[in-house]
Amino acid sequence: MRVRVDQEKCQGHGRCYALAPDLFESDDYGNAHELHDGVVPPGREEQARLAAANCPELAVILEEDA
Amino acid sequence: MTDVTDESTVTDWATDFDHADPAWAADPYPIWEDLRERCPVAHSDRYGGVWLPTTHEAVSAVAYDTDTFTSRSVVVSNNRPMIPAPQGIAPPISSDPPFHHGARRLLLPAFSPKAVAALEARTRDYCRELLEAMGDRTEVDAAVEYAQHIPVRVIAHMLGFPEEDGDVFRGFVKDVLEGVDLPPEERFENFQRLDAYLQVQISDHLANPRDDLTTFLLGAEMEGQPLSPEHVRGSIVLLLIAGIDTTWSAIGASLWHLARTPADRERLVAEPELMTFAMEELLRAFAPVTMARLVKDDVEWQGCPMKQDEWVLLPFPSANRDPEAFERADEVVIDRKENRHAAFGLGIHRCVGSNLARMELRVALEEWLARHPVFELADPDAVTWSHGQVRGPRTLPLRVA
């Protein structure tokens, strides 16, 4: 599974890095960026889903493995 | 609600609504529910013309459409603002692109998660002091004695304003946000008092620079130019006004809900780790802030014939209760895991202080519950709510064990 923050949509609500601190981080402006090139480490899939399910701007994109 | 100069009582909310009406202040949710079903974008001739989208879809469409709508003023009143776009009266909330971007970026680092984390211990101390000051009384007012003080003290500290001036700040908040239906002359006088107070603080900071947001703004630059005095004052007004009654309302409304919902209160006490989700659900269900825009030019928008300089209210709390966007939208689901609520707005004007507000709300609830795990409404009829675009309890008598 991979995650990606759509930088055009992200407005820095900060839900993803609060709910999934292993997968996202904040920059100095509060905008979110994915960690580890967006690769979700094993066992962190639930964090990834939570992040996507709580982004008001629909800026967190999940890519499930085929 | 003493300063409501109500001309008439609203009879049809679809064609004559007034967001300063006592019925809206007391309980706006049935009004929005009715409108979402029969008239998703309502109109009123009051305030020189106001539109009211009520569905999540329509509210977000306005919030994202910065070409059709200007943020030049975000508080609906009988006045139109004097300072034109793209800066507006209180940048960046009142600013349009492209000016907005730079004005916002100046403020964001002071409200980043890291910067806010550094304020947590101080905030926790404030909360404990307030709880301590209530002593052993079994009836306390959680709005007057607790919620209203927390954000005031934090923002006063950040701006470098006297922390004992809380009453003065709350007076300004009332003037700006609740005095919307006053005659223009009276509203103007209120703004002059605010301006005079700010001038004193700004002069003091110019003479004695220190490590706070006021000194920062006075020395800040955008594109190599210092900020105009109007920009500095406007941003300070924004931080002072927007940082206070919003969070005060969120803390109060959350305690109000927990006071009347023992199951949620008991669960939150037993499972403190639930706070992350509980807080967001309380923000969704009782979002305090309704924003506003002005129509830039005559336009037909989603079938509505909008005229230049008509207001558009953005009731994020109504969007948050839209059953098309949320399951069980009208219920508080204290452990809701999927929650894309819009309490802090949507699009480029997302609340600059949302990280700070969340920290204050979390700490205020944690400290309250640690001190008073058992509490209930002392008198449900004695609870009063602010009127206007920021809604929260202004008196909240609670019986504590």
Of the candidates B:Ala364, B:Ala370, B:Ala319, the one satisfying the condition of being more than 14 Å from every other protein chain (Cβ to nearest Cβ) and within 29 Å of A:Ala53 (Cα to Cα) is B:Ala364
Could you list, in sequence order, the residues of the range B:148-175 that are among the small types (Gly, Ala, Ser) and surrounded by fewer than 16 Cβ atoms within 10 Å (Cβ to Cβ)?
-> B:Gly171
Restricting the search to the range B:29-57, which residues are more than 14 Å from B:Thr11 (Cα to Cα) and assigned to a loop (DSSP other than H, G, I, E, B)?
-> B:Cys39, B:Pro40, B:Gly49, B:Thr54, B:Thr55
Residue hits (the range A:1-17; within 11 Å of the chain's Cα centre (by Cα) and within 12 Å of chain B (Cβ to nearest Cβ)) are A:Cys10, A:Gly14, A:Arg15, A:Cys16, A:Tyr17
If we keep only residues of the range B:93-122 that are over 14 Å from B:Ser354 (Cβ atoms) and in contact with a Ser or Thr (Cβ under 7 Å, 6 or more places away or on another chain), then the residue surrounded by the fewest Cβ atoms within 10 Å (Cβ to Cβ) is B:Pro97
Failed condition for B:Phe161, given (1) within 24 Å of the chain's Cα centre (by Cα); (2) not in a loop (DSSP other than H, G, I, E, B) | (2)
Selection from the range B:91-111 of residues over 20 Å from B:Ala292 (Cβ atoms) and assigned to a helix (DSSP H, G or I) yields B:His101, B:Gly102, B:Arg105, B:Leu106, B:Leu107, B:Leu108, B:Pro109, B:Ala110, B:Phe111
Sole residue being surrounded by fewer than 17 Cβ atoms within 10 Å (Cβ to Cβ) and basic (Lys, Arg), chosen from B:Arg36, B:Arg80 | B:Arg80
Go through the range B:224-282 and give me each residue that's more than 15 Å from the chain's Cα centre (by Cα), farther than 30 Å from B:Ala103 by Cα and aliphatic (A, V, I, L, M).
-> B:Leu255, B:Leu258, B:Ala259, B:Ala263, B:Leu268, B:Val269, B:Ala270, B:Leu274, B:Met275, B:Ala278
Subset of the range B:116-155, residues touching a residue at least 60 places away in the same chain (Cβ under 8 Å), part of a helix (DSSP H, G or I) and aliphatic (A, V, I, L, M), comes to B:Val116, B:Ala117, B:Leu131, B:Ala143, B:Val144, B:Ala147, B:Ile150, B:Val152, B:Val154, B:Ile155
Filter the range B:259-290 for residues that are touching a residue at least 24 places away in the same chain (Cβ under 8 Å) and hydroxyl-bearing (Ser, Thr, Tyr); the one that is surrounded by the most Cβ atoms within 10 Å (Cβ to Cβ) is B:Thr290
Matching residues, the range A:8-19, being over 8 Å from A:Asn31 (Cα atoms) and not acidic (Asp, Glu) | A:Lys9, A:Arg15, A:Cys16, A:Tyr17, A:Ala18, A:Leu19
Within the range B:344-401, residues being farther than 16 Å from B:Met279 by Cα, surrounded by 20 or more Cβ atoms within 10 Å (Cβ to Cβ) and β-branched (Val, Ile, Thr) number 4
Does B:Glu338 qualify as being acidic (Asp, Glu), within 13 Å of chain A (Cβ to nearest Cβ), surrounded by fewer than 18 Cβ atoms within 10 Å (Cβ to Cβ) and over 21 Å from the mean Cα position of the chain (by Cα)?
-> yes
Residues of the range A:18-53 that turn out to be within 14 Å of chain B (Cβ to nearest Cβ) and touching an Asp or Glu at 6+ places or on another chain (Cβ under 7 Å), as a count = 4
Name every residue in the range B:96-116 that is within 14 Å of another protein chain (Cβ to nearest Cβ) and hydrophobic (A, V, I, L, M, F, W, C), in order of residue number.
-> B:Ala103, B:Leu106, B:Leu107, B:Leu108, B:Ala110, B:Phe111, B:Ala115, B:Val116
Output for the range B:201-229, where each listed residue is exposed (fewer than 11 other Cβ atoms within 10 Å of the Cβ) and of a type outside the set (D, E, K, R) = B:Ser203, B:Ala207, B:Asn208, B:Gly224, B:Gln225
Any residue in the range B:273-281 that is more than 14 Å from chain A (Cβ to nearest Cβ) and in a helix (DSSP H, G or I)?
-> no
Sort through B:Ile150, B:Ile93 and tell me the only one that's within 14 Å of chain A (Cβ to nearest Cβ) and in contact with a helix residue (DSSP H, G or I) (Cβ under 6 Å, 6 or more places away or on another chain).
-> B:Ile93
Which pairs do you get when a residue that is charged (D, E, K, R), found in the range B:37-55, comes within reach of a residue that is surrounded by fewer than 19 Cβ atoms within 10 Å (Cβ to Cβ), reach meaning Cβ atoms under 8 angstrom, with the pair 6+ apart or on two chains?
-> B:Arg38/B:Ala14; B:Asp45/B:Asp16; B:Arg46/B:Asp16
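Bear in mind these aren't lab numbers, they're just calculated from the coordinates by the rules spelled out. Because the structure is predicted, anything quoted here is derived from the model rather than measured. Here Cβ is always computed from backbone atoms with ideal geometry, including for glycine, and neighbour counts include all displayed protein chains.
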